Amino acid sequence: MLAPGFADPVHDAQGTFRAVMDALARPGLVRPLAPFLAPPAPPAPLTPELAAVALALTDADTPVWLDPALAEAADVAAYLRFHTGAPLTDDPARAAFALVRESRRCPPLGRFALGTPAYPDTSTTLVLALDTITDGQGLNLSGPGVGGTVRVAPGPLPDGFAAQLAENRADFPLGVDLILTAPGRVAGLPRSTTVTEA
């Protein structure tokens, strides 16, 4: 039996979409992802926040890549196919979205679709499940949408992640965008953001 999706599919999807777009427009600003927006009990190990973002942003035209932790759970694939219609791909370079449950084991960002000079919007958007996202020591963010410099502390992250983000920024307008989720929270790291370690 499939786990339910949003209780109110239209309004909950709209609320999640607004929260994510606001997070991407203001990098590093941690936004609440209201508990009522998240599906009540998505199949493990899919988090409510990953499920909410997937239900709000993916559809039949957006191939989705799942990290090994999610890909090994048949219930997760069935849930996403049923509620979103999104096709699943084994190739991260073909994914419009990538859902990453084990953030420490996230593949290098260069393995995902970076877009092309003619179509930079064909890149992958990564959605990471983290334990925490707080303001403070961790990463320094600057660039479009950031007033001066913002500090944010997401975790856990892969080793050398700040250097990967710097490489990702160097190829702008190519590169991936990242949506960071934690229990009840969301933050954005678009490719236009300059990131250094705090």
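Brief remarks on what is shown
- The DSSP beta bridges internal to the chain are antiparallel in roughly 55% of cases.
- Percent carbon-and-sulfur accessible area, the chain, ignoring ligands, DNA and RNA, probe 1.4 Å: 55
- Cα-based shape type of the stretch 54-131, given that a ≥ b ≥ c are square roots of the gyration tensor eigenvalues and the cut on a/c is 1.5: oblate
- Cubic angstrom per residue, convex hull over Cα atoms of the stretch 7-143: 125
- Mean residue ellipticity, 222 nm, helices only, the chain: the sum of -39500 (n - 2.57) across DSSP H runs of n ≥ 4, divided by residue count and rounded to 500, is -8000 deg cm²/dmol.
- Based on protein heavy atoms only, the chain ends up with 46 Å² per residue of surface accessible to a 1.4 Å probe.
- Taking the stretch 1-35 and a reference point 7 angstrom along Cα→Cβ of A78, the backbone N atoms nearer than 15 Å belong to 1-5.
- Relative contact order, percent, the stretch 120-195 [alpha-carbon distance under 8 Å, six or more residues apart]: 39
- Furthest towards positive pole of dipole, T122, F82, G148, structure part the chain, Cβ charges: G148
- Dipole magnitude of the chain, debye to nearest 20 (Cβ charges: Lys/Arg +1, Asp/Glu -1, about Cα centre): 320
- Compared with the dominant principal axis of the Cα atoms in the chain, helix 9-25 is inclined by about 10°.
- The relative contact order of the chain comes to 24 percent, based on Cα pairs under 8 Å that sit 6 or more residues apart.
- With respect to the chain, whose longest principal axis is taken over its alpha-carbon atoms, helix 74-84 is tilted by about 90°.
The values are calculated or read from the model by the stated rules, or taken from the named source; none is laboratory data. As the structure is a prediction and not an experimental result, all values here were calculated from the model. Cβ coordinates were reconstructed from backbone atoms using ideal geometry, including for glycine residues, and neighbour counts include every protein chain displayed. Note: accessible area is taken over every heavy atom of the protein model, side chains too, but ligands, DNA and RNA are not part of it. Shrake-Rupley method; radii C 1.70, N 1.55, O 1.52, S 1.80 Å.
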